[in-house]
Amino acid sequence: MTTLRIKDVFKRYPNGAEAVKGVSVDVEDGELVVFVGPSGCGKSTMLRMVAGLESVTEGEIELAGRVVNDLEPAERNIAMVFQNYALYPHMSVRKNLAYGLKNRGTPQAEIDRKVDEAAKLLQIGEFLDRKPSQLSGGQRQRVAMGRAIVRDPAIFLFDEPLSNLDAKLRNQMRLEIKKLQRSLGTAAIYVTHDQVEAMTLADRIVVLNNGLIEQVGKPHEVYSQP
Ligand code: ADP
Ligand code: ADP
């Protein structure tokens, strides 16, 4: 089954800039698709349109069988993970994880269960009572992932989530993200300009250039070209 269908999508910003010029991609259930390409190629615009943070000028985005073009971000079954996912500094890790669920009126017992489950998966159980400032960069990134996981989204949207970490931690977190995404079986789009990241993470790579798809394929297909 297909989690996400992106059909003939165009994006023209109000200033006339054409960021995306006719892109079609399907993301299958459980698949991790990496959008890669140089700065300005349209990666973030693509992701932000899927998230509902930017409007779609032309074309269609269908999530779990439903056209979502006109839905607000909160009405879409997505969870984003950014590089600087703003954790609430005055709240404990537990409260940070619970916040979105509380807002949605999730019963407390279910919140507790989900938070504990995510904390266990991410190995942050012993930090639940700390504030974000008392965590390392990698631990903070795990909390950001936890906030995405507790939402039980149809798809994860990763926007260069590791670009603020040092090289060693980045490698480690990359493997963790992959493992986690696999074990949850949740589809994902991962945006990066880093080919190594693309190669090690992707089930499928979409290479964007100047708002168009230049190439699509499995990592070895895309990067074994002369
Ligand atoms: P990437 O994420 O690959 O760096 P973007 O999606 O951010 O690329 O940008 C694609 C193109 O759209 C670029 O030419 C960029 O300058 C332009 N662009 C991005 N955001 C806006 C905006 N809010 N208004 C006008 N043009 C934009
Ligand atoms: P609410 O559901 O009351 O809008 P949330 O905190 O659950 O409050 O979500 C706030 C907004 O942020 C929503 O539009 C949601 O779709 C969006 N969002 C996307 N990714 C995340 C994330 N990883 N964590 C929290 N909110 C996210």
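Expressed in Å, the radius of gyration and Dmax of the Cα atoms of segment 51-178 are 15.4, 47.
Between amide H atoms placed 1.01 Å from N, distances below 5 Å from Gln215 occur with Val207, all of them 5 or more places distant or on a separate chain. When the alpha carbon coordinates of the chain are projected onto the principal axes, the ranges are 48, 39, 36 Å, largest first. Panel note: the C-alpha atoms of segment 173-225, placed on their principal axes, show extents of 32, 22, 17 Å (largest first). Dipole size of segment 97-226 about its Cα centre, with +1 on Lys/Arg Cβ and -1 on Asp/Glu Cβ: approximately 320 debye, rounded to the nearest 20. Backbone geometry of segment 33-42 corresponds, through the Karplus equation with coefficients 6.51, -1.76 and 1.60 at θ = phi - 60°, to 3J(HN,Hα) couplings of 9, 9, 9, 10, x, x, 3, x, 7, x Hz, x marking Gly and Pro. Our summary of shape: the Cα atoms of segment 42-102 have principal axis extents of 42, 24, 14 Å, ordered from largest down, in whole angstrom. In segment 158-200 the Cα-Cα distances spread across 5 Å bins starting at 0 as 5, 21, 36, 26, 10, 2 percent of all pairs.
Computed from the coordinates by the stated procedures, all read-outs in this text should not be read as laboratory data. Quick caveat, the model's predicted, so the values are computed rather than measured. Note that we place each Cβ from the backbone using ideal geometry, even for glycine, and neighbour counts take in every protein chain shown.
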